[in-house]
Structure formats: C-alpha cells, structure tokens
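Reading through the structure tokens given below for one structure.
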Amino acid sequence: MMTHRILSDAQNLKKLIREAEALADESMIAFARLKQAMLSARQNPQVEVHTGQRALMRLNQAEDQAIAMSTNLLRVHDELSKVAVETMADDTVKTPPSPMAIDDIKSVEKAVG
C-alpha cells in the first residue's frame with residue numbers, strides 16, 4: 001500500500017517539476033522579448049544595421065541552451081512519471097493512475113518523442 005510519505009513526496013515532486021518547467025518557459029519568453037527589443041532598436045535609422053549582431057548571436061546561443069534545458073526537464077518529468085507508474089503498480093491495492101497522471105505521461109511522451 002502506498003504510504004502517506006510516498007504520496008506526499010510524489011505530490012511535492014509534481015509541483016516542483018511543473019515549477020521548473022514554467023521557469024524554463026519564462027526564460028524563453030524573456031529571451032524572445034529581449035530579441036524583439038534588440039531588433040526593434042536596430043531598426044532605428046540612426047543605428048548601423050550590423051549593430052548588436054554579436055549580442056544577437058550570443059542571445060541565440062542562450063536560447064538554444066534554454067531549449068536544451070527545457071527538453072531535459074521534460075525528460076526528468078518523463079522519468080518521474082515512469083517511477084510513479086511503477087510505484088503504483090507495486091501498490092498492493094493496485095490503484096490505477098489518475099487521468100491527470102496519464103495525460104501528463106502522454107504529453108511528455110509526445111514532447112520527448
């Protein structure tokens with residue numbers, strides 16, 4: 001039978017992984033806003049067209065790293081979901097996963113490929 005501690009840990013992990021995923025998304029949104037502002041500023045006729053090119057290249061590198069981080073967080077989520085399913089399978093009561101847990105697993109599987 002699933003103990004209270006295991007259930008509590010699972011709920012905490014679920015909350016924390018979603019927070020981490022949201023922060024990864026927020027960083028990508030911030031990068032997109034920054035890029036848009038940089039490109040808009042460069043469109044000023046008083047600014048040379050090549051101004052900030054290196055900064056844009058560095059920003060693209062940061063965006064690539066953020067996407068890689070997001071992908072790895074999705075993989076962490078997927079692994080945690082597998083642990084949850086295995087733990088519930090070991091449960092003597094054989095409680096089926098909640099529809100939300102099943103949806104989480106399916107969405108991660110689609111995202112990770």
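The values are calculated or read from the model by the stated rules, or taken from the named source; none is laboratory data. Every value quoted in this text rests on a predicted model; they were computed, and no experiment measured them. As a convention, Cβ positions derive from the backbone with ideal geometry for all residues, glycine included, and neighbour counts pool all protein chains shown. Quick note on the areas: whole protein, heavy atoms, side chains included, nothing else; ligands and nucleic acids left out. Shrake-Rupley method; radii C 1.70, N 1.55, O 1.52, S 1.80 Å.
Table for the structure above
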quantity	calculated
Matching option when the condition is closer than 24 Å to H4 by Cβ, of a type outside the set (D, E) and modelled with pLDDT of 90 or more, among L80, L39, L73, L56	L80
Filter result (in contact (Cβ under 8 Å) with a residue 40 or more places away in the chain and of a type outside the set (G, A, S)) within region 53-78	M69, T71, L73, L74, V76, H77
Filter pass, T3 being open to solvent by less than 70 Å² (accessible area, probe 1.4 Å), free of Cβ contacts under 8 Å to residues at least 40 places away in the same chain, of a type in the set (S, T, Y) and within 30 Å of M88 (Cα to Cα)	yes
A66 in a helix (DSSP H, G or I), surrounded by 11 or more Cβ atoms within 10 Å (Cβ to Cβ) and modelled with pLDDT under 65	no
